[in-house]
Amino acid sequence: MVPFGGWDMPLNYRDGTIAEHQACRSGAVVFDVSHLGTVRVTGDGAFAALQWAFTNDLNRIAPGKAQYTHLLDADDASVLDDIIVWWVDEDRFDVMPNASNTDRVVNALSEGPLVPEITDVTTNRAVLAIQGPDARERLAAVSAEAAAVGRFAVARVEIDGIPVVVAGTGYTGEDGVEIAVPAGAAPALWQRVLAAGITPAGLGARDTLRLEAGLPLHGHELGPGISPLQAGLGWVVRFDKGEFRGSAALAEERDRGPHRLLRGLLVEGRRPPREGQRVLLDGTEIGVVSSGNFSPVRGQGVALAFLDPAIADGAAVVIDVRGTEVAATVTKPPFHR
Amino acid sequence: MNVPEGLRYSSDHEWVQVDGDSARIGITDYAQDALGDVVYIDLPSTGTSVDAGSTFGEVESTKSVSDLFAPVSGEVVAVNDELADAPERLNTDPYGDGWICTIKMSDAMQLDGLLDAAGYTALIDG
């Protein structure tokens, strides 16, 4: 167990990070992701408050759908948090920020003229993420209804008479669902999921899976000084919906062009790059690694790095790994397919 | 944790198997468990001179990087090159196929500064 954002979380279960990683790519795993916050936003002002606080446009989806979005710093358009919104009912949104960013989200949602009802329900529920190519098939033995919730769909379902909310979302690059279950009923559901042949997986595999899939982690690829445009996530931002928190600062950056861009690095050999290591082209520093590790699927080191935007895909670069120059190629993630 | 009798142990969680003036070296079961899945090892080259307590390589797992410290001084005379492509052997068989290198000792008296199985067990249980 390791401390993580105020929670004690398992780094891995019995078989270890790499076995759990491979199980997610080839079978099905379950993560306990209760550390994600859940902020319930309801009432008349809910829709408008979310439209103002976040970058994406809820008009592109509808009740019963989920959307990935960002909360920006109002002054410099840094990504204060990246969030999944579950639009559960017409006037109920379950907003899921990262472990430690819940307060920022609550504050931002309270800024508009019409403040909705905002309740932090994080401690009332657990969230299980069931992911992998076989996730739906195996979960169907527990609940066919839950297993059938489509990609980025959100549905209320009963499992053994317990009301849960299921969303077709995840953080691994694989298909799967996430289930929000009342905390008291979570241990029994966890056991039923394991009994269906789904492998428990910990934080270690969660990180190597998201890295291999090229998905950003707040504090590494997103955070103070990093805008959605620098992170290559311009699709999360909908300038055409009208003004939103941070939109003016972000529009300025859009117009002059971001000074760095998040890219993938594929290492020659197994050595894992690590956060903070310098990336060089012909002896000149062109950027810094934001996350790096070993890719179990490729059998190679992989990294995400913020690089000079002029660098082309396919460029041969070196990473300064504690004084050793490790050769790598600039590439477009994901790395696992 | 498995701590075989008949080996010497360093407080840096390496084991030493002594045969005359040669010392075969690896990491302990406790060390591999603490590291987690090993994905890369930076091995020393044959012919390298090492000093007891100095760094002679690196081990990287999915969660961290750790230095390897020479438990004795001498010259590296054999290296387990198979670890380059199969570093997971440090996890699966730390006292066998996961051996790292053999050092020809320049000062066998240094062995007296290492722990026996009982002493090492006390260290990791402490």
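What to note about this one:
- Matching residues, the stretch A:1-32, being among the basic types (Lys, Arg) and open to solvent by 40 Å² or more (accessible area, probe 1.4 Å): A:14
- First in the stretch B:29-49 and under 14 Å from residue A:324 (Cβ atoms) and within 14 Å of chain A (Cβ to nearest Cβ), second anywhere and open to solvent by 40 Å² or more (accessible area, probe 1.4 Å) and not in a helix (DSSP H, G or I), Cβ under 7 Å, 6 or more apart: B:40/A:270
- Qualifying strands (runs of 3 or more DSSP E) (wholly inside the stretch A:224-337; at least 1 residues being in contact with a helix residue (DSSP H, G or I) (Cβ under 6 Å, 6 or more places away or on another chain) and under 29 Å from residue A:172 (Cα atoms)): A:284-295
- Hey, residue A:296 farther than 16 Å from residue A:217 by Cβ, in contact (Cβ under 8 Å) with a residue 12 or more places away in the chain, open to solvent by less than 30 Å² (accessible area, probe 1.4 Å) and within 14 Å of another protein chain (Cβ to nearest Cβ) or not: yes
- Scanning the stretch B:60-109 for residues that are within 14 Å of another protein chain (Cβ to nearest Cβ), surrounded by fewer than 15 Cβ atoms within 10 Å (Cβ to Cβ) and part of a strand (DSSP E or B) turns up just one, B:67.
- Considering the stretch B:1-32, the residues that are of a type in the set (Asp, Glu) and open to solvent by 20 Å² or more (accessible area, probe 1.4 Å) include one that is nearest to residue B:46 (Cα to Cα), namely B:21.
- The stretch B:84-118, residues that are under 19 Å from residue A:19 (Cβ atoms) and out of contact with any Ser or Thr (no Cβ under 8 Å at 6 or more places or on another chain): B:85, B:86, B:87, B:88, B:89, B:90, B:91, B:92, B:93, B:97
- For the stretch A:77-118, residues that are within 22 Å of the chain's Cα centre (by Cα) and not aliphatic (A, V, I, L, M) total 16.
The values are calculated or read from the model by the stated rules, or taken from the named source; none is laboratory data. Since we're looking at a predicted model, the values are computed, not measured. Reconstructed Cβ throughout: ideal geometry from the backbone, glycine too, with neighbour counts over all protein chains shown. The accessibility values were calculated without ligands, DNA or RNA, using every heavy atom of the protein model including side chains. Shrake-Rupley method; radii C 1.70, N 1.55, O 1.52, S 1.80 Å.
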